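These notes concern the structure reproduced below.
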Amino acid sequence: MAKKETLFLTRTEALEAICRDFRQYDPQIMLFCQIIRLISGGDIVAKREGQKNGAWISLPGRGNMRWMDGVEMVEYLCESLESDLSVSLVASICARVFQTRASVTMDSATGQEGINIETGIEDFVCRQCGQCCSTLDYQREVIEEDVELWQELGRKDILRWVGVFTGESDKKSYKIWMTPGTTELAEGCPFLKRISSENRSVCLIQDVKPGICRQYPSSRKHAVMTGCPGFKRDL
Ligand code: SF4
Ligand code: SF4
């Protein structure tokens, strides 16, 4: 059996990661209701209403239930997470939020208590469906290191698709992929090749593709939330 890859987060890092997750996607109302119940020990009731973007919440000592929309729920939860939650409760929240296993542990190097989160990356197999390349917003994510690498390798074939912009203090920023000789974004990635006979798509610059592409998906949850079918096994 493949060794489980884990990520160690301190309690503070885990709470930051949870709030980042809450803000990164469309409001995850069902998850928010579960977390509200969990952190209040069942004292706060959160009820969904159909598929609506929000929930009815009964806050202690506030009389009737009140409606919170998804954005309010995110802010309410992130504020509540700042209270004095135990590490084991934070681990339980991590397990639900990141859809993986999480447990309390001690960092062997520092002796600090924290949370081990299974990344699940050993279960990931790219299906070469090309979904990420055609639908994700990677266009503003190219970074200087990507561009420097292509320059070092003399990859003019890639660089001609990179838009270079000079801002204040001559600071450069980059955008991919721009139709060469124009200021227009290309329609899709020019390095994505569909092989219809094999029902798969390949990246023509696989070895030197931008960091944003190399890092996708960053987790099982990220894959699930953005439509990547690369994690086939359920927990
Ligand atoms: S969506 Fe996932 S499985 Fe499909 S090409 Fe991208 S990384 Fe691979
Ligand atoms: S560079 Fe490669 S991995 Fe990135 S979007 Fe294009 S085809 Fe996909």
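The values are calculated or read from the model by the stated rules, or taken from the named source; none is laboratory data. Predicted, not measured: the structure shown is a model, and the values here were computed from it. Here Cβ is always computed from backbone atoms with ideal geometry, including for glycine, and neighbour counts include all displayed protein chains. Just the protein is used for accessible areas: all its heavy atoms, side chains included, with ligands, DNA and RNA removed. Shrake-Rupley method; radii C 1.70, N 1.55, O 1.52, S 1.80 Å.
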What are the principal axis extents of the Cα atoms in the range 14-121, in Å, biggest first?
-> 49, 31, 17
Just in the range 133-215: which GluC sites (Glu not before Pro) are loop by DSSP and have at most 14 other Cβ atoms within 10 Å?
-> GLU184, GLU187
Kindly point out, ordered by number, any Cys in the chain whose beta-carbon has no other cysteine beta-carbon under 4.7 Å away.
-> CYS33, CYS94, CYS126, CYS129, CYS132, CYS133, CYS189, CYS203, CYS213, CYS228
Run the dipole for the chain about the Cα centre, Lys and Arg Cβ at +1, Asp and Glu Cβ at -1, nothing else charged, and hand back the magnitude in debye, nearest 20.
-> 880 debye
So, relative contact order of the range 131-216 in percent, Cα under 8 Å, 6 or more apart, is 28 percent
Binned Cα-Cα distances of the chain, short to long, each 10 Å bin given as a whole percent | 6, 24, 26, 24, 16, 4, 0
Report, in deg cm²/dmol and to the nearest 500, the calculated mean residue ellipticity at 222 nm for the chain, where each DSSP H run with n ≥ 4 adds -39500 (n - 2.57) and the sum is divided by the residue count.
-> -9000 deg cm²/dmol
Under a 5 Å amide H to amide H cut-off, with H placed in plane at 1.01 Å, what residues pair with THR105 once short-range neighbours are removed?
-> GLY114, ILE115, ASN116
Roughly how much of THR135 is accessible, in Å² to the nearest 10, using a 1.4 Å probe?
-> 90 Å²
Computed over the range 83-184: relative contact order in percent, which uses C-alpha pairs under 8 Å that are six or more apart = 16 percent
Distance from the Cα centre of the range 113-136 to that of the range 166-195, in angstrom?
-> 26 Å
Compute the signed sum of charges (Lys and Arg +1, Asp and Glu -1) over the other residues within less than 11 Å, Cβ to Cβ, of GLU72.
-> -2
Contour minus Cα-Cα span, TRP56 to ARG23, at 0.36 nm per residue, comes to 9.9 nm
Taking the chain and dividing mean pair separation by its residue count, relative contact order in percent (alpha carbons under 8 Å, at least six apart) | 19 percent
Carbon + sulfur, % of accessible area of the chain - ligands and nucleic acids excluded, 1.4 Å | 49 percent
Dipole check, the chain, charges on Cβ (K,R +1; D,E -1), about Cα centroid: among CYS228, GLN34, ALA14 the Cα furthest to the positive pole belongs to CYS228
Ratio of Rg to Rh over the range 131-216 (Cα coordinates, Kirkwood Rh, two decimals) = 0.98
Under a plain spin-label model, where a point goes 7 Å from the Cα along Cα-to-Cβ, how far apart in nm are GLU13 and THR119?
-> 1.2 nm
Give a residue-ordered list of calculated ³J(HN,Hα) values for the range 54-59 (Karplus: 6.51 cos²θ - 1.76 cosθ + 1.60, θ = phi - 60°; whole Hz; x for Gly, Pro).
-> x, 7, 8, 10, 9, 8
Starting from the residue with the highest accessible area, list LYS47, LYS175 in decreasing order, probe 1.4 Å.
-> LYS47, LYS175
Karplus couplings for the range 107-123 from phi (6.51 cos²θ - 1.76 cosθ + 1.60, θ = phi - 60°), rounded to Hz, Gly and Pro as x?
-> 5, 5, 6, 10, x, 7, 6, x, 10, 8, 10, 6, 6, x, 5, 5, 8
Just the accessible area per residue of the chain, please: how many Å² with a 1.4 Å probe?
-> 61 Å²
The alpha-carbon pair-distance distribution computed for the range 62-148, with 5 angstrom bins and whole-percent values, is 3, 10, 10, 12, 14, 15, 15, 14, 5, 2, 1, 0
HN-Hα J in Hz across the range 74-80 - Karplus 6.51, -1.76, 1.60, θ = phi - 60°, x for Gly and Pro | 4, 5, 4, 5, 5, 5, 5
